[in-house]
Amino acid sequence: MLRSVFVSSARWRHLACDFSSLVRVRLCLLVLLTTLVGFLMGRRAVVFPYSTLVVTLVGTALSASGAAALNQWWEREWDGCMERTRNRPLPGGRLHPSDVLIGGILFSLAGIVVLFLFVNKLSATLTIFTVVSYIFLYTPLKRTTSFNTLVGAVPGALPPLIGCTAAQGQIGIEGYFLFTTLWLWQVPHFLAIAWIYRHQYTKAGFVMLSKKDDSGVITSFQALVYTTLLLIVSLLPVAAGLNTIFYLLPALSLGSWLVVQASRFMQERSYANARTLFTSSILYLPLLLGVLLVTKR
């Protein structure tokens with residue numbers, strides 16, 4: 001009896017781990033963070049709309065999870081060709097493709113319906129565009145053009161816009177700023193990881209910029225260009241009247257730090273420097289978003 005309980009418990013743990021991997025929980029948490037920041041930056045009501053915020057996060061989480069599952073369903077054969085993804089639930093044979101397809105569609109639709117019924121039509125529309133562009137534009141383009149990174153950065157930058165429209169019912173200047181910031185941030189972030197795993201991506205048939213850039217010259221240069229643009233754009237909230245003057249110094253420091261990491265990668269195109277740039281980008285984003293909220297007017 002006791003042994004059967006332990007076996008059952010272990011199966012549930014494995015199922016939970018597979019579900020976590022399928023919906024990419026860490027990525028989903030990032031989506032929720034940026035949605036939350038968009039909501040808080042866009043909020044103008046005197047009384048804080050707690051219920052609207054909760055529903056917005058629930059709807060966004062459902063759609064983000066569904067889109068992640070659909071992406072893995074589409075790429076299941078190619079994921080099996082890469083060491084970093086071959087143990088995912090689908091290429092690992094632990095989940096059935098039809099189950100994942102149905103679950104991904106249901107989760108995506110559920111999130112859109114929740115936003116449409118309990119938040120507003122604009123937020124639901126933006127969510128539809130996010131899911132559709134991620135699945136039907138970015139995913140197939142990964143096998144045809146290196147511009148897929150720029151296209152894929154669009155759905156990745158839409159969650160804060162969804163949060164902003166949920167708070168104010170329209171796309172305000174806060175939403176445009178956050179969208180641009182997230183779009184620019186994603187490019188060096190993904191360029192670094194694509195170069196690190198360039199041989200695996202090539203083996204799986206993905207057309208990344210790093211595929212024909214084994215030396216890293218083009219990849220590192222573009223990473224530097226986009227981190228520099230990100231630094232410039234990140235300083236705009238003060239000029240736009242969104243944040244106080246106290247925002248400038250930390251934003252300038254964080255942006256300059258990221259530019260330095262990109263410069264080091266360009267000067268010495270090594271695995272270590274690419275990994276440092278990737279890690280630095282992960283740290284940069286929540287720190288910048290935190291400063292945005294703390295210094296908001």
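Bear in mind these aren't lab numbers, they're just calculated from the coordinates by the rules spelled out. All of these numbers come straight from a predicted model, not from anything done at the bench. Every residue, glycine among them, receives a Cβ derived from its backbone with ideal geometry; neighbour counts consider all protein chains shown.
Summary table
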| quantity | calculated |
| --- | --- |
| Burial order of peptide ranges 166-172, 284-290 (average beta-carbon count within 10 Å, highest first) | 166-172, 284-290 |
| Pair-distance profile P(r), taking every C-alpha pair of the chain, with 10 angstrom steps and integer % | 6, 26, 32, 25, 10, 2, 0 |
| Size of charge dipole - segment 21-171 - debye, nearest 20, with Cβ of Lys, Arg +1 and Asp, Glu -1, no other charges | 200 |
| Cross-link reach list, aspartates and glutamates versus Lys142, counting only Cα pairs under 15 Å and skipping chain neighbours closer than eight places | Glu75, Glu77, Asp79 |
| Mean Cβ count within 10 Å, highest first, over the residues of peptides 143-154, 195-206 | 195-206, 143-154 |
| For segment 144-230: relative contact order, % (alpha-carbon pairs under 8 angstrom, 6 or more apart) | 32 |
| For the chain: relative contact order, % (alpha-carbon pairs under 8 angstrom, 6 or more apart) | 18 |
| For q = 0.09, 0.11, 0.20 Å⁻¹, Debye-computed log10 I/I(0) when each Cα of segment 21-171 counts as one equal scatterer | -0.29, -0.42, -1.17 |
| Selected from Pro188, Val233, Ser256, residue furthest toward positive end of dipole (segment 184-297; charges at beta carbon) | Pro188 |
| Relative contact order for segment 184-297, counting Cα pairs under 8 Å that sit 6 or more residues apart, in percent | 33 |
| The chain: DSSP helices with Cα axial extent of at least 24 Å and average Kyte-Doolittle hydropathy no lower than 0.0 | 2-22, 25-42, 50-74, 97-118, 173-196, 217-234, 248-267, 271-294 |
| Whole-Å distance, taken between Cα centres, linking segment 218-262 and segment 100-169 | 26 |
| Cβ-placed point charges (K, R +1; D, E -1), dipole of the chain about Cα centre in debye, nearest 20 | 380 |
| Shape of segment 114-240, Cα gyration tensor, a/c cut at 1.5 | oblate |
| Relative packing of 74-80, 181-187, which averages over residues the other C-beta atoms within 10 Å, highest first | 181-187, 74-80 |
